[in-house]
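All of the numbers you see were taken from the coordinates with simple rules; none came from a lab. This is a predicted model, so every value here is computed, not measured. Cβ: placed from backbone, ideal geometry, glycine included. Neighbour counts: every protein chain shown.
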Amino acid sequence: MRVLLAPMDGVVDHTMRALLCQVGSIDRCVTEFIRVTNRLLPSRVFYRYSPELKHNGLTHCGVPVYIQLLGSNPQMLAENALLAVQLGAPGIDLNFGCPAKSVNRNDGGSVLLQDPGRVFDIVQAVREAVPCKTPVTAKIRLGFNDSSQFHKNVKAVVDAGADELVIHARTRRDGYKPPAYWQQIAQVSVDSPIPVIANGEIWSVDDYQRCIEQSGCQDVMLGRGLLACPNLSQQIKACYRGEFCSALKWPEVCQLLGSAFFNTLEQYETKHVGGRVKQWLVYLKRQYPEATELFETIKRHNDPELYQQAFSQSIARSA
Ligand SMILES: Cc1cc2nc3c(=O)[nH]c(=O)nc-3n(C[C@H](O)[C@H](O)[C@H](O)COP(=O)(O)O)c2cc1C
């Protein structure tokens, strides 16, 4: 049974991957999507999205980080996939799920689910371009406006030779609105010749259990749930083994937050790093009341010293 960390554009970058993998029990990460148009991207783009390429495509804890590509030109996706592999990517993931208007207007992401033939061509071209030993995976939604093409899209991915398939159990029209329709995944997961990984709306161990039951999957991919509860993966794996693991206490989470802030100070402008921390706090508010208080304290500030003070006070108050 595996737990994957979901790609999240603008949220889960290499710093976040490193932190969440350090907490533990994550089996694979995927980068934010890299948009491919009509050219071979310079290597620096791949290194920017995945500094892990300099370490064999692994996080510091040894978790593989697949490169996610988004685009519609099979040949260009294939060439960029090959370059990513030559730079050290341990696997390639193809994005057929992005719902953003700006992306869909440019013929990328979930819009491709309207035409399973195009999904097939893309997966096949990438599969043929990269070495057999490099996994090629695809991430889809149930469909674009509805799920009428769902089975055909799954067949396209499988027939084109993908190694695994992640299904975000909603259509593009559903956006991120609950619920996720896990039971629809069961229509394809049960007889699938490749592993199918369930994704969407898993915020707790309870959700995980219902998702597994309804989707017929063994493996799950977690996005927002892992940001709201950074050791959700540990809790889920403990549950799978028939054991219990409690959620991290606030001081531990706050330490992580502190690392997220101070580890990235050298890489980004302070105001951007502050933005990332505030963004994470918004997810944490769902699970930790202390996050609301800390958010209120820092929301108008970008001064590292004030942050340090605020983190220390928040830890002291809840210890
Ligand atoms: C802010 C944000 C950014 C996302 N970026 C990506 C992305 O770059 N690639 C991708 O395949 N999915 C992306 N997703 C979708 C997630 O990977 C995931 O499928 C979705 O959030 C549902 O899972 P969850 O309920 O566990 O969060 C993004 C989602 C969010 C909320």
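Worth a mention:
- Evaluating kT/(6 pi eta Rh) at 37 °C and 0.692 mPa s, with the Kirkwood radius of the chain over Cα pairs in the Stokes-Einstein relation, gives 163 µm² s⁻¹.
- Antiparallel %, DSSP beta bridges [both residues in the chain], to 5: 5 percent
- Within the chain, helix-based [θ] at 222 nm, where runs of 4 or more DSSP H residues each add -39,500 (n - 2.57), nearest 500: -13500 deg cm²/dmol
- Spacing of the two label points (7 Å from each Cα toward its C-beta) at Asp159 and Lys101, in nm: 3.5 nm
- Least to most buried among Thr31, Thr37 (fewest other Cβ within 10 Å first): Thr37, Thr31
- If you wrap the tightest convex hull around every Cα atom of the stretch 190-319 and split its volume per residue, you get 119 Å³.
- Contour excess over end-to-end distance, with Cα ends at Val190 and Ser148 and 0.36 nm allotted per residue: 13.2 nm
- Beta bridges by DSSP in the stretch 1-80, antiparallel share as percent, to the nearest 5: 10 percent
- Furthest towards positive pole of dipole, Gln214, Ala169, His272, structure part the stretch 147-295, Cβ charges: His272
- Equivalent ellipsoid semi-axes - Cα gyration tensor, the stretch 268-319, angstrom: 18, 14, 8
- Among the chymotrypsin sites (Phe, Trp or Tyr not before Pro) in the stretch 215-316, those placed in a DSSP loop whose Cβ has at most 12 other Cβ atoms within 10 Å are Phe244.
- Residues Cys229, Cys245, Cys29 arranged by fewest to most Cβ contacts within 10 Å: Cys245, Cys229, Cys29
- Stokes-Einstein D in µm²/s, Kirkwood radius over Cα pairs - the stretch 19-150 at 20 °C with 1.002 mPa s viscosity: 143 µm²/s
- Filter on Lys237/Lys278; Lys101/Lys155; Lys101/Lys177; Lys237/Lys285; Lys177/Lys285; Lys139/Lys177 - keep pairs with C-alpha separation over 21 Å: Lys237/Lys278; Lys101/Lys155; Lys237/Lys285
- Directionally averaged projected area (the stretch 75-213, Cα convex hull): 8.5 nm².
- Inter-label distance, Gln22 to Ser312: 1.9 nm, where each label sits 7 Å from its Cα along the C-beta direction.
- Theoretical FRET efficiency, 1/(1+(r/R0)^6), r = Cβ-Cβ of Glu213 and Arg39, R0 51 Å, to 0.05: 0.65
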